[in-house]
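Below: one structure, written as structure tokens.
Values in this text are rule-based calculations from the coordinates and carry no lab data. Just so it is clear, the structure is predicted and the values come from calculations on it, not from any experiment. Methodologically, a virtual Cβ is constructed for each residue, glycine included, from the backbone with ideal geometry; neighbour enumeration extends over all protein chains shown.
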């Protein structure tokens with residue numbers, strides 16, 4: 001499975017870049033799935049809904065199904081958080097999986113960088129970062145793209161993964 005990541009510090013533009021890349025790459029005819037790592041506790045379910053009540057009652061997994069989509073919720077309870085590799089193994093086959101976050105994993109990545117955040121670049125200390133998408137010119141030892149040039153960034157990623 002082809003995997004490419006988007007990393008960066010908070011408010012660097014990762015999610016916006018991910019959203020634009022998914023739209024751009026799918027418009028070119030490729031199938032794309034995404035994995036997003038969250039550092040905070042989250043819930044995609046709503047209190048009072050049947051599926052929420054199932055989980056609260058102790059179900060390990062709850063599958064919610066309709067004509068339009070399927071949602072699988074897996075309560076970790078006391079299990080460790082699964083690795084990216086374990087999560088990727090559960091996905092249906094697609095042309096490309098874009099991963100937001102997981103900056104410490106070894107898959108190839110592009111770093112989203114916004115000068116205004118005041119954060120340092122990750123790229124100089126991370127050889128898995130193949131390029132930087134930035135809102136300001138940078139002097140680094142790998143390609144730098146304008147953060148808003150989605151088509152060029154998509155070209156780069158698709159070339160990197162052989163699509």
Using Cα pairs closer than 8 Å and at least 6 residues apart in sequence, work out the relative contact order for the stretch 57-130, in percent.
19
Tell me, what is the FRET efficiency for residue 141 and residue 116 to the nearest 0.05, using R0 = 25 angstrom and their Cβ-Cβ distance as r?
0.60
Roughly speaking, what is the stretch gain from residue 23 to residue 81, that is 0.36 nm per residue apart minus the C-alpha to C-alpha distance, in nm to one decimal?
18.0 nm
Please give the per residue volume of the convex hull enclosing the alpha carbon atoms of the stretch 44-113, rounded to a whole number of Å³.
159
Find the relative contact order for the chain and round it to a whole percent, using C-alpha pairs within less than 8 Å whose residues are 6+ positions apart.
34
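Compute the projected area of the convex hull of the Cα atoms of the stretch 88-135, averaged over all viewing directions, and report it in nm² to one decimal place. Display every interim value, and only then the final one.
Details: hull surface 17.0 nm².
So the Cα hull casts an average projection of 4.3 nm².
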Spatial separation of Cα centroids for the stretch 136-163 and the stretch 1-59, in angstrom:
22
Principal axes of the chain: Cα extent on each, largest first, Å
54, 35, 24
Over the stretch 119-160, one equal point on each Cα, no solvent: what is log10 I(q)/I(0) by the Debye formula at q = 0.24, 0.31 Å⁻¹?
-0.86, -1.21
Can you bin every Cα-Cα distance in the stretch 72-160 into 5 Å intervals starting at zero and give me the percent of pairs per bin, rounded to whole numbers?
3, 11, 20, 21, 17, 11, 10, 6, 2, 0
For n ≥ 4 DSSP H runs only, could you compute -39500 (n - 2.57) per run for the chain, divide by its residues and tell me the 222 nm figure to the nearest 500?
-7500 deg cm²/dmol
Project the alpha carbons of the stretch 1-56 onto their principal axes and report the range along each, largest first, in whole Å.
40, 29, 20
Please give the contour-minus-distance gain from residue 35 to residue 10: 0.36 nm per residue of separation, less the Cα-Cα distance, rounded to one decimal in nm.
7.3 nm
